[in-house]
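Comments concern the structure below.
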Amino acid sequence: TLSDFCYEGMFADCISLTTSPSLPATTAAYRCYCSMFYGCTALTSAPALPATTLANGCYNHMFAGCTSLTTAPTLSVATLTTQCYIDMFRNCSNLTSITCLATDITASDCTTNWVDGVAASGTFTKSPQMTSWTTGNNGIPTGWTVVDF
């Protein structure tokens, strides 16, 4: 059971961290993983994110600045919440693969700047039912190939 803010900033700026611990929670709490790996420039693999229920701000800035990360964890939650993915992958300059299966991204600021500063090309995998993604920093990265899951 997670509590509000429970892992916020836990490994922030740990520049030697290359792998992450397992995060098995299926229900996120308010800002629980916010900035957890922020600035972990050596992080090469992200943990699975099995949560099926998100809380506001739960993954806010989680991987921002993780410049060695090339593949995002699969984001399988259908309905996003307010600020849940804001700045999530911001400045992950080598990130070239994102799978996001959300079908409802109407919550306020749920994807604001979430892919700002990722690699110039890559593959974005989405739910075939999702037709309202836009391109740019708040949606599918500009220049990326889009495929259905």
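Across the stretch 130-144, what is the total count of residues that are in contact (Cβ under 8 Å) with a residue 24 or more places away in the chain, open to solvent by 10 Å² or more (accessible area, probe 1.4 Å) and not hydrophobic (A, V, I, L, M, F, W, C)?
3
Output the number of residues of the stretch 40-64 satisfying the condition of being open to solvent by 10 Å² or more (accessible area, probe 1.4 Å) and either touching a helix residue (DSSP H, G or I) at 6+ places or on another chain (Cβ under 7 Å) or at positive phi (or both).
Count: 1.
Go through the stretch 110-125 and give me each residue that's buried (at least 16 other Cβ atoms within 10 Å of the Cβ) and either touching a Cys at 6+ places or on another chain (Cβ under 6 Å) or part of a loop (DSSP other than H, G, I, E, B) (or both).
Within the stretch 110-125, Cys110, Thr111, Thr112, Asn113, Trp114, Val115, Asp116, Gly117, Val118, Ala119, Gly122 meet the criteria.
Restricting the search to the stretch 1-25, which residues are modelled with pLDDT of 95 or more and β-branched (Val, Ile, Thr)?
Answer for the stretch 1-25, where residues must be modelled with pLDDT of 95 or more and β-branched (Val, Ile, Thr): Ile15, Thr18.
Quick test for you: out of Thr82, Thr99, pick the one residue that is in a loop (DSSP other than H, G, I, E, B), open to solvent by 10 Å² or more (accessible area, probe 1.4 Å) and of a type outside the set (A, V, I, L, M, F, W, C).
Values: Thr99 fails: in a loop (DSSP other than H, G, I, E, B).
The unique qualifying residue is Thr82.
Pairs under 6 Å by beta carbon, first residue more than 18 Å from Asn56 (Cβ to Cβ) in the stretch 6-26, partner of a type in the set (Phe, Trp, Tyr) and open to solvent by 70 Å² or more (accessible area, probe 1.4 Å), six or more apart or different chains?
Ala12/Tyr38
Out of the residues in the stretch 46-65 that are at pLDDT 95 or above and of a type outside the set (A, V, I, L, M, F, W, C), which is farthest from Val77 (Cα to Cα)?
Looking at the filtered set, the residue picked out is Gly65.
The values are calculated or read from the model by the stated rules, or taken from the named source; none is laboratory data. A quick note: this is a predicted structure, and the numbers were derived from the prediction, not measured. Methodologically, a virtual Cβ is constructed for each residue, glycine included, from the backbone with ideal geometry; neighbour enumeration extends over all protein chains shown. What goes into the accessible areas is simple: the full protein's heavy atoms, side chains included, and nothing from ligands, DNA or RNA. Shrake-Rupley method; radii C 1.70, N 1.55, O 1.52, S 1.80 Å.
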